[in-house]
Structure formats: C-alpha cells, structure tokens
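Engineer: One structure follows; several queries about it will come next.
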Amino acid sequence: MGNVYVFDHPLIQHKLTFIRDKNTGTKEFRELVNEVAALMAYEITREMPLREVEIETPLMKAKCKVLAGKKLGIVPILRAGIGMVDGILKLIPAAKVGHIGLYRDPETLEPVHYYSKMPTDIGERELIVLDPMLATGGSASAAIQALKEMGAKNIKFMCIIAAPEGVGRLQKDHPDIDIYVAAVDEKLDEKSYIVPGLGDAGDRLFGTK
Ligand code: URA
C-alpha cells in the first residue's frame with residue numbers, strides 16, 4: 001500500500017487557508033498554488049540522493065555535493081495541474097514536463113485519455129504527477145495507468161487537497177504509488193466537489209468562472 005504524506009508545514013498550511021478563501025482572486029490564487037507546489041516539492045525531494053564532486057572555490061579545491069540518481073519529470077494532469085508547474089520548475093529547473101489530458105465520458109462517466117506528450121526517457125525518470133485536487137481519484141488513477149503503460153516505473157502523486165474517497169481509490173488501483181498532499185478534507189459532496197475544499201481549481205486558476 002502506498003503511503004500518504006500530509007505536509008503540515010506552517011507555511012503550507014497558512015497559504016492553503018488563503019487558497020481556500022473564496023475572496024482570493026485569480027492572480028493571488030495562482031501565485032499561492034505555485035508557492036504551495038514549490039514548498040511541497042522541496043519536502044518531496046528531501047531524500048534525493050547526492051554524490052560528491054570536486055570543484056575549486058576561489059580559495060581552494062573542495063569536495064562538494066550535487067544531485068545524483070534519477071532525473072525528475074513532472075506531469076500535470078490538464079488542466080488544473082498546470083497551475084502547479086511553474087512553482088516546481090523554479091526549484092528544479094532541469095525537470096522535464098510531460099502533459100496528460102483526460103475527459104470524463106458523459107455516458108460511462110469514465111475518464112478517457114485524449115492527450116499526452118511525455119519526455120522520451122520517462123522510464124528512467126522519477127515522475128511526479130500533479131493535480132491540485134484528488135476528488136474521486138478517477139482521473140488520477142487513469143493518468144497513472146496510462147503513464148505505466150508508457151513505461152514509467154517510478155511515480156509519485158502530488159495534490160493540494162484530497163478527499164478520503166480519492167485517496168482510497170488511488171491506494172486500491174495503484175498500491176505502489178505514494179501520495180503527497182497538503183490537506184485531506186472531509187468528503188465529496190453530491191457533485192463530487194471536495195468539501196470544504198476550494199471550489200473548482202481549474203476555474204479559479206484560469207479565471208473561467
Ligand atoms: N476538482 C476541483 O477542481 N474541485 C473539486 O472540489 C473536485 C474536483
């Protein structure tokens with residue numbers, strides 16, 4: 001079973017409060033989502049392996065550390081996942097970005113994978129799949145399934161708010177995936193919105209409502 005890591009860092013929790021607030025406008029909402037994504041990425045990368053290199057400072061030779069091991073890829077689920085990309089890239093500019101799009105079939109209500117463009121070497125990368133909201137878990141589960149079929153071997157899932165239902169679905173469908181989240185809320189409402197939540201993350205990010 002994958003682990004669920006809830007980031008209770010005071011800065012993350014403080015910013016999350018303003019993300020939730022309905023009076024926070026589009027510009028500030030977008031900035032805060034990126035800031036929280038960056039802080040979460042900082043925590044997620046804490047265990048990244050390092051290797052020693054020798055460099056010369058202006059004064060002498062010195063053995064110092066650089067990142068070793070697998071390279072990172074981030075994969076926003078369209079459209080709201082895009083709102084987390086810039087914050088993470090500020091911290092890890094060398095990460096490659098893959099995109100994946102899914103829509104819900106109006107008859108079956110199942111997610112349909114309609115678009116993806118991935119780095120060619122996803123099998124060798126550590127991937128972080130991004131979606132601010134893990135609601136029913138249907139899209140996240142389908143996106144991860146598609147990435148596995150494309151050859152991804154090492155996947156983490158990062159969201160800002162999750163519903164217990166979405167966490168359960170992801171753990172059932174993909175027990176190998178760890179979930180990183182700023183808050184696990186109470187439940188889904190009858191329209192599958194997370195409550196108390198923050199509303200529609202895509203609309204709030206892009207000002208479409
Ligand atoms: N997607 C959102 O943007 N908000 C929710 O509450 C659930 C899914």
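Engineer: Could you grab me the full set of residues in the stretch 29-52 that are exposed (fewer than 13 other Cβ atoms within 10 Å of the Cβ) and either in contact with a Gly (Cβ under 6 Å, 6 or more places away or on another chain) or at pLDDT below 95 (or both)?
Structural biologist: Arg46, Glu47, Pro49
Engineer: Something else about it: In the list Phe7, Phe29, which residue meets the criterion of being in contact (Cβ under 8 Å) with a residue 40 or more places away in the chain and either of a type in the set (Asp, Glu) or in contact with a Lys or Arg (Cβ under 6 Å, 6 or more places away or on another chain) (or both)?
Structural biologist: Among Phe7, Phe29, only Phe29 is in contact (Cβ under 8 Å) with a residue 40 or more places away in the chain and either of a type in the set (Asp, Glu) or in contact with a Lys or Arg (Cβ under 6 Å, 6 or more places away or on another chain) (or both).
Engineer: Additional query: Could you go through the stretch 98-105 and let me know if any residue there is among the acidic types (Asp, Glu), over 12 Å from the mean Cα position of the chain (by Cα) and under 21 Å from Ile155 (Cβ atoms).
Structural biologist: Taking every residue of the stretch 98-105 in turn, none turns out to be among the acidic types (Asp, Glu), over 12 Å from the mean Cα position of the chain (by Cα) and under 21 Å from Ile155 (Cβ atoms).
Engineer: Only one of these conditions is not met by Ile122: (1) open to solvent by less than 30 Å² (accessible area, probe 1.4 Å); (2) within 15 Å of the ligand (Cβ to nearest atom). Which number is it?
Structural biologist: Evaluating Ile122 over (1) open to solvent by less than 30 Å² (accessible area, probe 1.4 Å); (2) within 15 Å of the ligand (Cβ to nearest atom) leaves (2) as the failure.
Engineer: Does Thr108 fit the bill of being open to solvent by 10 Å² or more (accessible area, probe 1.4 Å), closer than 20 Å to Ser192 by Cβ and free of Cβ contacts under 8 Å to residues at least 40 places away in the same chain?
Structural biologist: It is true that Thr108 is open to solvent by 10 Å² or more (accessible area, probe 1.4 Å), closer than 20 Å to Ser192 by Cβ and free of Cβ contacts under 8 Å to residues at least 40 places away in the same chain.
Engineer: State which residue pairs qualify: first residue under 16 Å from Gln13 (Cβ atoms) and inside the stretch 35-59, second residue open to solvent by less than 40 Å² (accessible area, probe 1.4 Å) and aromatic (Phe, Trp, Tyr) in any location, beta carbons under 9 Å apart, and separation of 6 or more residues or different chains.
Structural biologist: Sorted first by the residue in the stretch 35-59, then by its partner, the pairs are Val36/Phe7; Leu39/Phe7; Met40/Phe7; Met40/Tyr180; Glu43/Phe7; Glu43/Tyr180.
Quick grid of which residues meet (1) more than 16 Å from the ligand (Cβ to nearest atom); (2) open to solvent by less than 30 Å² (accessible area, probe 1.4 Å); (3) in contact with a Lys or Arg (Cβ under 9 Å, 6 or more places away or on another chain); (4) in a strand (DSSP E or B):
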| position | (1), (2), (3), (4) |
| --- | --- |
| Leu127 | yes, yes, yes, yes |
| Ser139 | no, no, yes, no |
| Leu147 | yes, yes, no, no |
| Phe157 | no, yes, no, yes |
| Val167 | no, yes, no, no |
| Tyr180 | yes, yes, yes, yes |
| Gly197 | no, yes, yes, no |
| Gly202 | no, yes, yes, no |
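The values are calculated or read from the model by the stated rules, or taken from the named source; none is laboratory data. Just so it is clear, the model here is predicted, and its values are computed rather than measured. Cβ atoms come from the backbone with ideal geometry, glycine included; neighbour counts cover every protein chain shown. SASA here: full protein model, heavy atoms, side chains in, ligands and nucleic acids out. Shrake-Rupley method; radii C 1.70, N 1.55, O 1.52, S 1.80 Å.
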